[in-house]
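The values are calculated or read from the model by the stated rules, or taken from the named source; none is laboratory data. A quick note: this is a predicted structure, and the numbers were derived from the prediction, not measured. Here the Cβ is made from the backbone with ideal geometry for all residues, glycine too, and neighbour counts use every protein chain on show.
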């Protein structure tokens, strides 16, 4: 825990502009109250949206650094927002990055937004400090995996009988699996680094590599798996 | 009528189809637009075609039959000839896009043509009936035919367009419809021209009955189709309504109940948390795994067992447990022991380490090995510092695992908290 507070203490000059996209007004208000105290957290909420059209408009108008994106949205869901914001994500100078935030337990929802280009996924039970921490991590270009997402990914890459289409992409390295496993067990990056005798930077690069594989992997089983999992 | 109904009709002629397709003319027509359409199709003056029809009419009424058949089977569209014909299609579509309103208005020529036809057919019938008993079925046949034609014409355009669509997609249906039409016409023609002189009553009765049957089928057909369509639509709506009612019932029963309890227990954060977590779990189970939600019997797989234990511990101790399960396999005897050890570890974590945040439970089935980790962020725990007479951890976790051929490892996490790691081989990989 001490690790966490250390990480999330707002460094002077640390500042990030955030847009909240969620169709539940109460939830937006709650998040705003928890992370929106700019001088304490360094997070400035510059816009809110309740559906896909609004979200695209607000994001285009305000150009935030990070968007907190709900998975379930009227008008096509988070995936649709990602699809229509693709040019903003690709902007090399000032990219808009997305962090998926959801109550959903359905694997296909989660995997869907990650494959759509979101830089991470956290559940809505996350604490305020952890959320702020995740936002800054995404802003810096890092990937953010919650334990649950790590579990989903391990599951997706483990339970495949079919040969991978692209050897490089469709396989996690031993190290990546270890890192994911520790995330799934609830370890923070620093704890993982200590456990595996590597630097935090290396942990970050492993996680980013996994995210990249997840987004680019052309195995169609991934989708099939996500659908089948609902029936388990 | 919604725009969907008129769309197919207005769209149809615009399609880049072969220009030589036969249509009945919708403008400048006298009766059904048959002569004009035919003239347009054949590239002849309208008056010639009309004269031919009148001429054929004199030949025992063949013209009337032909005309009726054309009227019945040839679709209305653009075609025909004549100076008054507008050069483009759009001009004949009225403001609201409905062509029928414009073209159906009877003018003097049309009324005249109709009168002429009625008079001539009366003469025709009189002529035919000179031979006697055929009168008995000629009149009903004509009546039925007229009725069928009337109903067919009155079926609204959208439906007819849809039939045409269906017919395009399914060749057999199209053929069947054409065959039925040919049969009907053929039966009528032979009825009139062949059995005219025959005294055989049975044959004529059979024919009349057949004609009536087919006529009735054609009459009822459109309505039957419409009814089945409406019925299936209604059934779909009913299923949806039922689903919604079920969700509403569940939300009403459990969620509102819990919310009331939470309001009453607002002073006790632990109780509120417990209630909220229990409700959340219940709702998730219900929403995402409808089948698993309603089996209260013993869990049969590792994933189920871990989740069940975590839920029970959570309810009992009011500490949130975050469960992540990767893979799954059926429980065997050794794994059941591992699950009991895991449950014990969860209870310990909740009791002694629940203050520092949620307890993390991770289970993974990989190959023939099952791994469970229970991790809390409490004050930590030193096995060696625990008196030897306290058997809880030693017996129920470590002892149990080792007796069954597995391993248990307890360790203090450097930055606070305890982690219990349980590893067990599966008894038989075959299961």
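Restricting attention to the stretch A:64-97, the residues that are assigned to a loop (DSSP other than H, G, I, E, B) and modelled with pLDDT under 90 total 12.
Here the stretch A:112-125 is the region considered, the condition is being within 14 Å of chain B (Cβ to nearest Cβ) and outside any loop (DSSP other than H, G, I, E, B), and the residue that is surrounded by the fewest Cβ atoms within 10 Å (Cβ to Cβ) is A:123. When residue A:128 is tested against (1) within 13 Å of the chain's Cα centre (by Cα); (2) at pLDDT below 85; (3) within 14 Å of chain B (Cβ to nearest Cβ), exactly one condition is not met: (1).
Residue B:308 - would you say it is more than 13 Å from chain A (Cβ to nearest Cβ), over 23 Å from residue A:178 (Cα atoms), at pLDDT 85 or above and out of contact with any helix residue (DSSP H, G or I) (no Cβ under 8 Å at 6 or more places or on another chain)? Steps first, answer last, please.
Details: more than 13 Å from chain A (Cβ to nearest Cβ): yes; over 23 Å from residue A:178 (Cα atoms): yes; at pLDDT 85 or above: yes; out of contact with any helix residue (DSSP H, G or I) (no Cβ under 8 Å at 6 or more places or on another chain): yes.
Answer is yes for this residue.
Screening residue B:396 with (1) out of contact with any helix residue (DSSP H, G or I) (no Cβ under 6 Å at 6 or more places or on another chain); (2) closer than 14 Å to residue B:341 by Cβ; (3) modelled with pLDDT under 85 gives one miss only, at (1).
Criterion first (at pLDDT below 85, within 13 Å of another protein chain (Cβ to nearest Cβ) and more than 55 Å from the chain's Cα centre (by Cα)) does residue B:415 satisfy it? If you could, list the steps in order and put the result at the bottom.
Values: at pLDDT below 85: yes; within 13 Å of another protein chain (Cβ to nearest Cβ): yes; more than 55 Å from the chain's Cα centre (by Cα): yes.
Yes: the conditions hold for residue B:415.
This table checks each residue for (1) outside any helix (DSSP H, G or I); (2) crowded, with 16+ Cβ neighbours inside 10 Å; (3) modelled with pLDDT of 90 or more.
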| position | (1), (2), (3) |
| --- | --- |
| A:167 | yes, no, no |
| A:172 | yes, yes, no |
| A:179 | no, yes, yes |
| A:183 | no, yes, yes |
| A:193 | no, yes, yes |
| A:203 | no, yes, yes |
| A:206 | no, yes, yes |
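Restricting B:319, B:313, B:323 to those that are in a loop (DSSP other than H, G, I, E, B) and in contact with a helix residue (DSSP H, G or I) (Cβ under 7 Å, 6 or more places away or on another chain) reduces the list to B:319. Residue A:226: part of a helix (DSSP H, G or I), more than 12 Å from chain B (Cβ to nearest Cβ) and at pLDDT below 80, yes or no? Yes. Scanning the stretch B:348-367 for residues that are more than 10 Å from every other protein chain (Cβ to nearest Cβ) and surrounded by 19 or more Cβ atoms within 10 Å (Cβ to Cβ) yields B:348, B:349, B:350, B:353, B:354.
Condition (residue is modelled with pLDDT of 85 or more and part of a helix (DSSP H, G or I)) applied to the stretch B:221-230: is it met by at least one residue?
Within the stretch B:221-230, the subset modelled with pLDDT of 85 or more is none.
Checking the stretch B:221-230: not a single residue is modelled with pLDDT of 85 or more and part of a helix (DSSP H, G or I).
Going through (1) surrounded by 14 or more Cβ atoms within 10 Å (Cβ to Cβ); (2) within 14 Å of another protein chain (Cβ to nearest Cβ) one by one, residue B:338 falls short only on (2).
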